[in-house]
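Following: one structure in structure tokens, then a few remarks.
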Amino acid sequence: MRGERTLYQRILFAISGLIAFTTVIILTNVWVSTTEHARNQMAHELNTAKNVAARVLQNRANQLRNSALVLTADFGFKQAVATQDAATITSALNNHGQRINADLMALFSSDGRLIAKNTQSQEEDFSAISSHIISAFSQRAASTTVVLNERIYQVIFLTVDAPRPIAVTMIGFELTTPFLEELKSITQLEHAFSLNQDEQQNIINSTLAGIAQNQLVQPSSINWFEVVLLRRAIFAFQSVSLSASDGGASLLMIQDVQSVYAGFWQLQLQITAIAVLCLILALSVALRIAKRITHPIRQLVKQSQLVANGKYDNAMPLNSGATEVTQLTNAFNQMQSNVQKRETEIRFQAERDRLTGLLNRSALDTHLNNRINEGKEFSVFAIKINRFRNINDVFGYQAGDQYLQHVAKRLATLTDCLVSRIGGGEYIVIPDSAKALSTATLITLIKQPLILNQVEIVPSLSVAKISVPEQADNTEAVLRRLDITLDNCNANQLDYLHYRADFEDHYLYRLNVISELKQALANDTQQFSLLYQPKLSTRSGTCEAAEALLRWNNPKLGFIGPDIFIPLAEQSGLIHQLTFWVVQQVLVDQQTLIANDIHINIAINLSAQDLLNRDVVDRLINLVDKAQLGPQRISFELTESDLISDADLAIENMTMLRDAGFSLAIDDFGTGYSSLAYLRNMPVNTLKIDKSFVLKLDERLTDQKIVQTIIQLAHSFDLQVVAEGVETWQSQEALQDWGCEYIQGYYISRPIKCDDLALWLKQQKDQYDFSS
């Protein structure tokens, strides 16, 4: 795979990576340690230079003080100061200043006013140091550094006492480059003076020509990358503040960072070179080790590729000196022989259905694609076992498997046909040519009875046919349209159908119905409405009950009959929502009828999915309880054929409804095939005879016999009978004579709205009794 490393690479990377990692750690430690040591050394040397400079300045201050004491102790100078003899004072200042090489000599009054100064300081303006003069007058003596005309002076202030202070003498020496050179000779570092002007530090004197302020950094701020790799000219400095005011003069001790790092740089390069050499040596060793380990494995890989391509004849030679690799080779050769034996079996299993041995869905898809790509015309048959689940329920799953195998064996006898089982009880048959298999031959073959658990069973199967490529030009379309055709077979209770284009239109229509049904239930339940069909008592001649019938008028699809949307609601899982809507609407309509002094029972149809869901049954009971109408006003009708799928659970939930006080009726009785087997156990009150037996009751003798039998059967179980579909007077009379308790149908009344039902019942008030 792309990006995946080989074993050779992994061994190489593991060894070299470990060595490289160790080397990098050592180098990093060396570089960090040496760099930190260099930084600490610079800081130490700068700090030492700072102390030396401070000591030198202090010594100079002491010399100035001694010189000032000689001047102020002179009696003649004191007398001149006392008598305000300016000429004598000036002469004394000049003479003394020349004798000690002072740059500034001046005498000030106690309020800081200049009295006299020597000739060398004629250009200086002393107004900026008046605060120093006044302070010195009160302290008798003071030593400081001042800035005058961007020049730095070290000065001493000393009072002239006679015997009380009468004036202040100032003696100062300018701090210039020679002074810095003197410091450099002592500390072996560069020095400079810096002035704070307009919030910026400007260097005015320096032993290092051309240095700029932006080249100066604190030792702790030195960037190793700039120094070592970029080789920038950077200078570390330490400063001594000479004056907090007067321009903010500072003395800078400066050290060239490059010169400090030079020795360490050489050491670092040497260590790095050694590390690189060690790494190269380690890589060469790793290459050799990796090659010796992986070479036999590469041979195995090549051999495995031959096996993957189906070449099993070449055995791997045992020429490796490593025991482990020899064992691996032996195991590989054994595996190669086993793979060769099993490949045929695996390929067979991959393409065959385990239960029947027929081709499976995957193999069918491949075959269909190949046949369609050939461009020839052929037919495809789909066969589905109807009600296969009932076989499992009645005879057990093992018998169901045998049933599938029996059908598969019959289909396998077809010559020149490909047969596949695609799941459950569904098979696909593809003849080699359009004339290789007739529909009649196929149906005759699969309809033959078979013996299952010593019981003869006539298979119930549906057959669908499609022509390729006329009616479908790809595998997906073929299988989907066959499935649609099978659904139409079941819906119309036919054995065989050939696919037609309108089948898929109907299928799409059903999808649209489901989609619109979901939207209606979620957003617009006003699309639904209820109609009520009265039930007439043949004994009292009164209308005591009615059946609620759901109707749906969709804005997009128009009127949709319940025979269409009810089954689709069951298939799509929407039936519970429909049931709850019907029950709630019936409860509302019951309130309306009671308000009009009409008291009847309304029957609601329940789906088998509703009855087989315990939560739904509980909610139905709760809805009626909350409406406070009483269970005698609501009854439920259940379709008998749907209840057989899980009769035990159906009976359990029906018992709950009966115990809650509801009447239960079996709807469409007579259409199921096992009604009598469960009738004795079902807790029902009423049987409803399916209208298919009642519509032509006045014409068909067979229907009359069936209806009479059902009525007698119901009465034998103490059940009442309702006959639906009564459309003639003769049918009504016959049912009444046979003891049928209730009748409903168009002869009595068509399904009508709740308001119309109330009106219809009121119009019959003189004839019928509506008391509760």
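The values are calculated or read from the model by the stated rules, or taken from the named source; none is laboratory data. What you see is a predicted model, and the numbers here were worked out from it, not measured in a lab. Every residue, glycine as well, gets a Cβ built from its backbone with ideal geometry; the counts of neighbours run over all protein chains shown. The protein model used for the area step is the full one, side chains on, heavy atoms only, and it has no ligands, DNA or RNA in it. Shrake-Rupley method; radii C 1.70, N 1.55, O 1.52, S 1.80 Å.
Can you say whether residue 570 is assigned to a helix (DSSP H, G or I), open to solvent by 20 Å² or more (accessible area, probe 1.4 Å) and at pLDDT below 90, as far as the supplied structure shows? When the stated conditions are applied, residue 570 passes them.
Could you grab me the full set of residues in the range 372-387 that are among the charged types (D, E, K, R) and either in contact with a Lys or Arg (Cβ under 9 Å, 6 or more places away or on another chain) or more than 14 Å from residue 431 (Cα to Cα) (or both)?
Answer for the range 372-387, where residues must be among the charged types (D, E, K, R) and either in contact with a Lys or Arg (Cβ under 9 Å, 6 or more places away or on another chain) or more than 14 Å from residue 431 (Cα to Cα) (or both): 374, 384, 387.
Out of 125, 74, 111, one residue alone is modelled with pLDDT under 80, loosely packed, with under 12 Cβ neighbours inside 10 Å, more than 30 Å from residue 190 (Cα to Cα) and in contact with a helix residue (DSSP H, G or I) (Cβ under 9 Å, 6 or more places away or on another chain). It is 111.
Go through 263, 172, 210, 248 for me and flag whichever is at pLDDT below 80, open to solvent by less than 30 Å² (accessible area, probe 1.4 Å) and either outside any strand (DSSP E or B) or closer than 30 Å to residue 117 by Cα (or both).
Exactly one of 263, 172, 210, 248 is at pLDDT below 80, open to solvent by less than 30 Å² (accessible area, probe 1.4 Å) and either outside any strand (DSSP E or B) or closer than 30 Å to residue 117 by Cα (or both), namely 248.
Every condition in (1) part of a strand (DSSP E or B); (2) open to solvent by less than 70 Å² (accessible area, probe 1.4 Å) holds for residue 451 except the one numbered (2). Residues that are open to solvent by less than 60 Å² (accessible area, probe 1.4 Å) and small (Gly, Ala, Ser) within the range 332-370 comprise 337, 357, 363, listed in sequence order. You will find that of 462, 438, 433, the residue that is modelled with pLDDT of 80 or more, open to solvent by less than 70 Å² (accessible area, probe 1.4 Å), polar (S, T, N, Q) and more than 20 Å from residue 493 (Cα to Cα) is 438 and no other. Right, residue 469: modelled with pLDDT of 80 or more and more than 17 Å from residue 381 (Cβ to Cβ) or not? No: the conditions fail for residue 469. Looking at residue 562, is it out of contact with any Cys (no Cβ under 9 Å at 6 or more places or on another chain), without any contact (Cβ under 8 Å) to a residue 60 or more places away in the chain and closer than 30 Å to residue 389 by Cβ? Yes: the conditions hold for residue 562.
Per-residue answers, yes or no, for (1) among the small types (Gly, Ala, Ser); (2) within 12 Å of residue 169 (Cα to Cα); (3) in contact (Cβ under 8 Å) with a residue 40 or more places away in the chain:
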residue	(1), (2), (3)
48	no, no, yes
70	no, yes, no
100	no, no, yes
104	no, yes, yes
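Total residues in the range 580-601 satisfying the condition of being crowded, with 18+ Cβ neighbours inside 10 Å and farther than 26 Å from residue 761 by Cβ: the figure is 0. Across the range 737-755, not a single residue is classified as open to solvent by 70 Å² or more (accessible area, probe 1.4 Å), touching a His at 6+ places or on another chain (Cβ under 6 Å) and either under 24 Å from residue 596 (Cβ atoms) or of a type in the set (Gly, Ala, Ser) (or both). With respect to (1) surrounded by 15 or more Cβ atoms within 10 Å (Cβ to Cβ); (2) within 24 Å of residue 687 (Cα to Cα), the lone exception for residue 552 is condition (2).
For the range 305-330, the set of residues classified as assigned to a helix (DSSP H, G or I) and modelled with pLDDT under 75 consists of 305, 306, 307, 308, 323, 324, 325, 326, 327, 328, 329, listed by residue number. Within the range 602-614, the set of residues being open to solvent by 30 Å² or more (accessible area, probe 1.4 Å) and under 17 Å from residue 663 (Cα atoms) comprises 605 only.
A quick yes/no check of all residues on (1) of a type in the set (A, V, I, L, M, F, W, C); (2) in contact with a Leu (Cβ under 9 Å, 6 or more places away or on another chain):
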position	(1), (2)
690	no, no
695	yes, no
698	no, no
713	yes, yes
719	yes, yes
725	no, yes
749	no, yes
758	yes, yes
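Would you mind finding the one in 511, 530, 521 that is within 30 Å of residue 724 (Cβ to Cβ), among the hydrophobic types (A, V, I, L, M, F, W, C) and assigned to a helix (DSSP H, G or I)? None of the other options fit; the residue is 521.
Kindly provide the set of residues from the range 537-549 that are part of a strand (DSSP E or B) and open to solvent by less than 20 Å² (accessible area, probe 1.4 Å), ordered by number. Walk me through it before giving the result.
Narrowing the range 537-549 to residues part of a strand (DSSP E or B): 537, 543-549.
Listed by number, the residues that qualify are 537, 543, 545, 546, 547, 548.
The helices (runs of 4 or more DSSP H) found wholly in the range 639-701 and carrying at least 1 residues that are on the phi < 0 side of the Ramachandran plot, modelled with pLDDT of 85 or more and not charged (D, E, K, R) occupy 647-659. Within the range 678-718, the set of residues being closer than 29 Å to residue 661 by Cα, crowded, with 17+ Cβ neighbours inside 10 Å and more than 60 Å from the chain's Cα centre (by Cα) comprises 707, 710, 711, 713, 714. Taken over the range 440-475, the criterion of being touching an Asp or Glu at 6+ places or on another chain (Cβ under 9 Å) and more than 19 Å from residue 401 (Cα to Cα) is satisfied by 443, 463, 464, 467, 468, 469, 470, 475.
Selection over the range 371-396 of residues that are aliphatic (A, V, I, L, M) and open to solvent by 60 Å² or more (accessible area, probe 1.4 Å) gives a count of 1.
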